[in-house]
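Report on the following structure.
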Amino acid sequence: MYKFGKQSKVRLAKVHHLLQELAYATIKKSEYDFGIPNTGGLRTAEMQKELYDKGYSKLDGYKKKSYHQTGLALDMVPYIEGKYTWQNKTAFLHIARTAFEVWNQLENHQGLFLHWGGFWRAKDLNDNNLLDLDDKLGWDLPHFELRNKAQANAMDIAELLANI
């Protein structure tokens, strides 16, 4: 069983309590270690603008604000062999599946819905209505956020691990 390091805990403490519950329960159940990177929790407008200027975000922090700026978003990145790993699709999919399992077990969602950046512009290339390694994954695999509407065009990931 994995647990968060000191810096990830500091970053988690600044986001919405439902995201905190989600992250802590997910890491306990996950087959992959993961953490919250430096910009993965609450962000200032200046931090968001810096990510935008580097091409890491589509939101500038001022005219277009990120859910990270309100504490309603969290990035969970696989931590493998002592470092954050951005290229391991299998790890991201395992973390996402575990996060959605945990989310479905939480008792009070307070009218909020969990959205995952792995679904954004994803394409079910093999037409099985599942998001798997043979598909085009969304553009923001670490990203989870809370919204007041269900995520549109989200594919099922519940059966994912059986296919990996």
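This ranking places Lys6, Lys136 by how few other beta-carbon atoms lie within 10 Å of each, fewest first, which gives Lys6, Lys136.
Over the chain, the hull volume per residue, using the convex hull of the C-alpha atoms, is 119 Å³. Let me have the relative contact order for the chain, percent, based on Cα pairs under 8 Å that are six or more residues apart. Once divided by the residue count of the chain, the mean separation gives 21 percent.
The modelled label-to-label distance between Glu81 and Asp124, using points 7 Å beyond Cα along the C-beta direction, is 3.5 nm. DSSP beta bridges fully contained in the range 38-164 are about 90 percent antiparallel. Between Lys29 and Leu106, the distance separating the two model label sites (each 7 Å from Cα on the Cα→Cβ line) works out to 1.2 nm. Going by neighbour counts of Cβ atoms within 10 Å, the residues Trp120, Trp139 line up, fewest first, as Trp139, Trp120. Calculated [222 nm] ellipticity per residue, helices only, for the chain: -8500 deg cm²/dmol; basis is -39500 (n - 2.57) per DSSP H run with n ≥ 4, divided by all residues, nearest 500.
Every number in this text was worked out from the coordinates using simple rules, so none of it is lab data. The model shown is predicted, which means the values in this text are computed figures rather than measured ones. Glycine gets a Cβ as well: all are built from the backbone with ideal geometry, and neighbour counts include every protein chain shown.
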